[in-house]
Amino acid sequence: MRWIAISALSLLLAGCDETPTGRSRIAWVPHGMMAELGSDTFEQMRQFTPVTTDPAIKRLAECVSAELISALADSWPELGVPEHWNVVVFEDPVPNAFALPGGRIGINTGLLKVAENPDQLAAVVGHEIGHVIARHGNERLTQQLGIQGVLMVIGLASDGDVSNDALMRALGLGSQLGITLPFSRAHEVEADRIGLKLMAQAGFNPKQSVELWRNMMEVADDQPFELLSTHPHHESRIAVLQEYMPDAAAIFSSVPRAACTPL
């Protein structure tokens, strides 16, 4: 019992910190474990979902992602995020994108039919990166598992006797990590704020984020899709983006324009 109490206190002290926007949070799952889960989940998706071979699409996705990743160091140098991220475009008609701990970005080809230019693609990818650097997945897992659950998972991992699949089952994630489990309203607003600043810092026009969500809603009536079902209503999202647009526009006006070639 004493070991549990000491470990619990250590987790509490280590897990209490702030997000990039200054919001207090508790995220107890070790960073390395989250990165491992992200890597495992990403590889599973690559095994079961076709990956595009279109060179133009690959160039666009990699260029937009690279510009955003490069801007991370300028915007939040204290985060220590991966310098290199694995970017894959999946042959999936559902307009969606995601980012996972450990430096993994996935973009569906369906999103490229809604995002009319690199700026609009950057709005979605920047938002998803925002979830990762704010450790929203870790925070949500901590809330779901509670301290005893986190201690159990750490104990299993430290024994070295548990497989990655077993660890993922213990966390209740599987292939759902960071993709279909909806984030809270606070998480979504925070990811919007981070994504808007990030795309502006990377040289993408932040005003295109609003246009992107207007495009999303134009196709939503004919084709309801996951990115809308797990995210706030478009009017609420646009209101948040417009609230923080002046600061993002000021950043955008002071940096070189991103040079990604549209399709």
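Brief remarks on what is shown
- Residues considered: ASN108, ASN96. Of these, the only one that is free of Cβ contacts under 8 Å to residues at least 24 places away in the same chain, open to solvent by less than 20 Å² (accessible area, probe 1.4 Å) and within 15 Å of the chain's Cα centre (by Cα) is ASN108.
- Check on LEU212, modelled with pLDDT under 55, open to solvent by less than 40 Å² (accessible area, probe 1.4 Å) and assigned to a helix (DSSP H, G or I): no
- Cβ-Cβ distances below 6 Å connect the following pairs, each with a first residue in the range 32-54 that is in a loop (DSSP other than H, G, I, E, B), a second residue that is aromatic (Phe, Trp, Tyr) and open to solvent by less than 60 Å² (accessible area, probe 1.4 Å), and a separation of six or more residues or different chains: THR49/PHE90.
The values are calculated or read from the model by the stated rules, or taken from the named source; none is laboratory data. Given the structure is predicted, the values throughout are model-derived calculations rather than measurements. Glycine also receives a Cβ, built like all others from the backbone with ideal geometry; neighbour counts cover every protein chain displayed. Just so you know, the surface numbers come from the protein's heavy atoms only, side chains and all, with ligands and any DNA or RNA stripped out. Shrake-Rupley method; radii C 1.70, N 1.55, O 1.52, S 1.80 Å.
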